[in-house]
Amino acid sequence: MANQAPPEAFAVQEDRHIDENHPYDGSGLAPRTCTDLPCMVVFLMCMLGMVCMTVYAYREGDHRRLTHGYNYRGELCGVDKKVRDKPLVYWCASGRMLESGAPAALDLDFPACVEKCPHDDTVNMACLGVEQVKVQESGEEPFITRRTVVTQSNVMQNSYPCKEFGGLYCLPHMSALGLPKDGALMRSLTDSSGPLGTPWARVTAAAGGLYRCRFLVAGCLVVAVVLGYGYLLLLRTHAEPLVKTTLLMLVVLLLVMGVYFMAGSVLRGGALEGWEARNCLFREMDQAAARGISVAVGILSFVLGLALLICACAAQEQILTALDCVEAACECIFSMPSLLVQPLLEGIWRICMAAVLISGFTSLLSTATMKANYLDIKGERVGGLTWSLSFSDEQRAMVAYFVLGGIWLLELSGALSQFVLSYSVVLWYYTPKPKGLGPNSPLIRGFVVGVIFHLGTLALGALLTCLLRPAHVLFGSLAQQVGPESKNPLCGAIAKCLSCCIERYQKYLQHLSGHAYIDVCISSASFCTAAQNSADFLAHEGGKVSALSGACFVACFAGVLGIAAFVGLLCYYCLVLSWRWAADDSPHYVANVHFVSLVTAGLAASVAGCFAILVNHAADTLLYVFAWNKQHAHNTVQKYAPDSVAEMTEYRPLSKAGTITNKQSGVLGAFSSMFQSNWKKGSEEEEYAGVSPEHQHGGVQ
């Protein structure tokens, strides 16, 4: 049997919990050691690879390949020397001309570069004539040499009315020709086999549009930063009406969008024509595709709106709990002014990083090279008559590598932010009341410690949390509905059906969460060890602290969605209402406004996430370090804990007559034993020399 601690050891334990100024209160931070070095090496090698790819992209790529068309010889219109004064792409007529003045078809294989678009049929255009093929054979059987000679010549051809599109193309002017917008000519250009409908053409058009309106996107992100600060200030003073109003506005927006896009299924006659004229989808695609996508978007928006409404009504108690956590987090944030700068700095960093990654990504796309096409001409397969941009397998692999590396880098930015917040909040918590302005330079200290000592741990945590985020969102929410205390019958029923998956999730994956960064901050442990320690500690602590952990998610989620939706709509209406980006003949024309708006909304959500992380992680860290402090010396909580935290967790100090549970075996005993020998001060080691490791609550120094 294990040796039992002498009676005086229990007296020491009781004194430690009763004494309001006991020095062994869990304060301080562990001596720093470098953690998860192998993962740090892998991450740095990955980043080195991205740097090499970026250098290659800037050296070999040309953004103008994404914003300019090219002729059948592979020359970029308006860029290459021979066609520098001809920036527009024109497709000559093929076959006879119709009575309307429009050609029966277009010669899609041989586009030409022109100086300006013809507005009628009186302009003579230099077009490629009919090829002459001559096959010459020499030698005797079986050694015959066949030589194919293709003669190309330009001929003058009457033009047809065109309209400049996006500063790039001369497209048939349908209204001037008296033809429908989605007629055969336009379909030949824009369908999946046409020059403007191929995957590459759509990707380059989307990337080019994003590049043309980059300053608008940057301005929208500045608006996101301003809205983030406004949301943070309102959370401090009017948290409940703000959160509920934001959720209500999101529900109304989604339901209205759903009804609007589904309205085309029931409207008839003039009302339907007016709806199609106002629906932007009908301006960018053919009628059948626009109707199908409108119905799909409408159903999706309506279902999401109903789901959000049901969840908001069913989670009223969780929302009120979240508001209590928000109050505690705001008390910490606004009493330590340096924390107010953190989301701004992180937002600027994310914007700059996103700009570099987008620039590198578009540069990689622009490294596509001209490749000769093969055509069948009079029974002979001939190459080199036309050229087109194409990717090699190596270039495709580089694009995929760059995207995955960029996601890892963005996740690492969030992990470092959470570590710095944890470090700052721990320092602030263990500043005795009244706390004043808190510790000196907590952000700088936390950043230096995180980058120098724990870069590998943060990289590993970023990778694992990114991969496991869908599981955390799904099974983490359902796990809270398991048991008789569940107040949501629908979620409870789903949780019972997925009980096996939830059990595996709780056993193997649940502990891999952001709480690990708090333990890394305190104990300087590796990610997996810290994740398991934090999960065991919270599970053993139980009660209010465990229940409140992560409760701020509701308020933060509402803020992020609200800011992203507002900024996305702002970008969209700026694009569709401004001549600079909406006019077909503008050199800054953005063809795919939905893509740009969605990208801007995603970037705005990332910026708003900086403020969400600040509130959510500050609350989680406060609860964690409060429980840590209470486990080490119960009554010293009065010396450090903010009143809002003590009230929220229903903390009560112990008296001399109170009883203390000294049983520290099992998980907590193993957890506590990690923080004993190396981190105690010399005087404390002498004071607790007679207490067995099973009964010590080691503080970190």
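The values are calculated or read from the model by the stated rules, or taken from the named source; none is laboratory data. Everything quoted here is computed from the prediction, not taken from an experiment. Please note: Cβ atoms are built from the backbone with ideal geometry, for glycine as well, and neighbour counts cover all protein chains shown. Just the protein is used for accessible areas: all its heavy atoms, side chains included, with ligands, DNA and RNA removed. Shrake-Rupley method; radii C 1.70, N 1.55, O 1.52, S 1.80 Å.
Put TRP579, TRP408 in order of accessible area, highest first, and with a 1.4 Å probe you get TRP579, TRP408. Taking every C-alpha pair closer than 8 Å and separated by at least 6 residues, the mean separation divided by the residue count of region 48-119 gives a relative contact order of 26 percent. For the listed residue pairs LYS435/LYS630; LYS244/LYS630; LYS244/LYS435, the alpha carbons are over 23 angstrom apart in LYS244/LYS630; LYS244/LYS435. Taking the charge dipole of region 569-659 about its Cα centre, with +1 at Lys and Arg Cβ atoms and -1 at Asp and Glu Cβ atoms, the residue from ASN616, TYR651, THR600 reaching farthest to the positive side is TYR651.
Figure note: LEU344, LEU106 ranked by solvent-accessible area, largest first, 1.4 Å probe, ligands and nucleic acids not counted: LEU344, LEU106.
In this view, the solvent-accessible surface of HIS68, computed with a 1.4 Å probe and all protein chains in place, comes to about 50 Å². The alpha carbon centroids of region 415-432 and region 262-333 are separated by 38 Å. Using the Cβ-Cβ distance between MET47 and SER138 with R0 set to 56 Å, the FRET efficiency works out to roughly 0.45.
Ordered by 1.4 Å accessible area with all protein chains kept, VAL645, VAL560, VAL51 run largest first as VAL51, VAL560, VAL645. The solvent-accessible area of LYS244, taken with every protein chain present and a 1.4 Å probe, is close to 80 Å². Once backbone amide H atoms are built at 1.01 Å from N, LEU88 has VAL114 as its partners under 5 Å, excluding neighbours fewer than 5 places away on the same chain. Only protein heavy atoms count here; under a 1.4 Å probe, SER413 has an accessible surface of about 10 Å².
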